[in-house]
Amino acid sequence: MLRNLIGLLVVAAVAGCSSPPPPASPPTPDPAAVQRWVDQVCAADRPILTVSAVVSVAPNFVQGQQPSEADRPAVIASITKLRDMYTESKTLYDAIGQSPLPRGDELVAGHRKGLSELVPKLQGYLANAQAFPAQSLDAPMTLASLDAVTWKPEGPTLNELQAPKCSR
C-alpha cells in the first residue's frame with residue numbers, strides 16, 4: 001500500500017510539474033500557393049484597372065449642352081464597356097478559391113459583395129441609356145461614370161495583407 005501511495009505521489013508530482021503544450025502556431029502558407037492566389041486576385045482586378053481611361057473618353061456633356069440622338073451610340077458603348085469590365089472582374093473574383101493568407105477570404109468577399117451591387121447598377125444605367133429620351137442621356141452616362149470611378153470594395157487590400165506582388 002505504501003508503494004502504491006508513493007507511486008501515486010510521483011505521478012501527481014510529475015503531472016503537476018508538466019506544463020500544457022504551447023499553442024500551435026498557424027502553419028506557414030506555401031509560398032507558391034500564396035503567389036497563385038495573389039495572381040488570381042491580380043487577374044480579377046485587371047479588367048477594371050483602366051476604368052478611368054474608359055470614362056475619360058466617354059461622352060461628356062457640359063452644362064447647357066443637351067445630348068442628341070447622335071450621342072446615344074457612344075453613351076451606350078461607354079456604359080456597356082464599363083458594365084463588361086466590372087462583370088468580367090466579378091466573374092474572376094467568383095472563381096477565386098480559399099485564401100492561404102489570413103484575411104484573404106475577407107478581401108475576396110468584399111470584392112464579390114461590391115461587384116454584385118455595382119454590376120446591376122451599371123446594367124440599369126445601360127437600360128436607361130437605351131430608353132431615355134435623347135436629351136436625358138447625360139444622366140445615365142454621368143451616374144455610370146461616377147459609380148465606376150468611385151467604386152471601392154470593402155475589406156483589406158493586398159498591401160494590407162502583406163502579400164507578394166503580382167507576378168503577371
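The values are calculated or read from the model by the stated rules, or taken from the named source; none is laboratory data. Here the structure is a predicted model, which is why all the values come from computation and not from measurement. Virtual Cβ from ideal backbone geometry, glycine too; neighbours counted across all protein chains shown.
Restrict the check to the stretch 122-142 and report whether at least one residue is within 16 Å of residue 38 (Cα to Cα), at pLDDT 95 or above and among the hydrophobic types (A, V, I, L, M, F, W, C). No: zero hits.
Among residues of the stretch 57-81 that are within 12 Å of residue 141 (Cα to Cα), those with a Cβ under 7 angstrom from a residue that is among the aromatic types (Phe, Trp, Tyr), sequence gap 6+ or separate chain, pair up as 67/61; 79/125. Test residue 81 against the stated conditions and say whether it is out of contact with any Leu (no Cβ under 9 Å at 6 or more places or on another chain) and among the basic types (Lys, Arg). Yes: the conditions hold for residue 81.
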